[in-house]
Amino acid sequence: MCIRIQYNLICTFDIAITNYTNQLKQQLKTAEASLQKSTLKHDLYNRYGAMLLGYILEAVKSQQIAEQYLIEVFTELTHTDLEKITLNGVNTFCSLQHLARKKIAIFAQSLTTGVGDDIKPKGIIIAGNRFIDLMNHDEQYVFCGVHYHGKSVATLAAELNKPETVIKQILKDSFTIIRNNRDTAAVH
């Protein structure tokens, strides 16, 4: 009887140790994955952070807001996102730009809804861009909707309650404004 109780205690103790060891191994794998993710994020930030900041800054025209969006883009990267944007054949910077464009879309949307008026100029979609400043409100809305938000012509037509042909013409006019006002001396 005594030997059987000792055997049961040893078996129970052995199972407990095995379970504890498995838990520690899982925690170690999680910690290693987290460290790899953090290292990869740091590497991506070092390689693309300055370019991405310039891209965001061109849209929002505020260093403080652009830096905040840059931080959010890199902070919100999940392990799945990191795997997707670092695959062979995938342009990592374009993928990061796409994520930043989502943040810029929130910024541009807040301009039209009036949220955050203390830090955003009122009445225009993107402030401080010399080409967009030359456009009227509809041209700004359509151009930024297509370029920064990735909206379709059909979506913009529904939002503005105008036919798609009118939206296409407005988009064409906005590109004409850009084309006619760019510095052609640098273009070969």
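The values are calculated or read from the model by the stated rules, or taken from the named source; none is laboratory data. As the structure is a computational prediction, the values presented were derived from the model and not from experiment. Don't worry about glycine lacking a Cβ; one is built from the backbone with ideal geometry, like all the others, and counts go over all protein chains shown.
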Kindly check whether there is at least one residue in segment 104-111 that is modelled with pLDDT under 60, farther than 14 Å from residue 61 by Cα and either part of a helix (DSSP H, G or I) or in the same structural domain as residue 44 (by TED's automatic domain parsing) (or both).
yes
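Listed here are the residues, each with its yes/no results for (1) surrounded by 10 or more Cβ atoms within 10 Å (Cβ to Cβ); (2) modelled with pLDDT of 80 or more; (3) part of a helix (DSSP H, G or I).
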site: 4; (1), (2), (3): no, no, yes
site: 9; (1), (2), (3): yes, no, yes
site: 28; (1), (2), (3): yes, no, yes
site: 41; (1), (2), (3): yes, yes, yes
site: 44; (1), (2), (3): yes, yes, yes
site: 47; (1), (2), (3): yes, yes, yes
site: 51; (1), (2), (3): yes, yes, yes
site: 55; (1), (2), (3): yes, yes, yes
site: 70; (1), (2), (3): yes, yes, yes
* Asked: closer than 29 Å to residue 50 by Cα, at pLDDT below 85 and in the same structural domain as residue 46 (by TED's automatic domain parsing), is that true of residue 97?
  -> no
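Residues checked against (1) of a type in the set (Ser, Thr, Tyr); (2) more than 25 Å from residue 69 (Cβ to Cβ); (3) at pLDDT below 80:
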| site | (1), (2), (3) |
| --- | --- |
| 113 | yes, no, yes |
| 117 | no, no, yes |
| 138 | no, yes, no |
| 141 | yes, no, no |
| 148 | yes, no, yes |
| 154 | no, yes, no |
| 162 | no, yes, no |
| 167 | no, yes, no |
| 174 | yes, no, no |
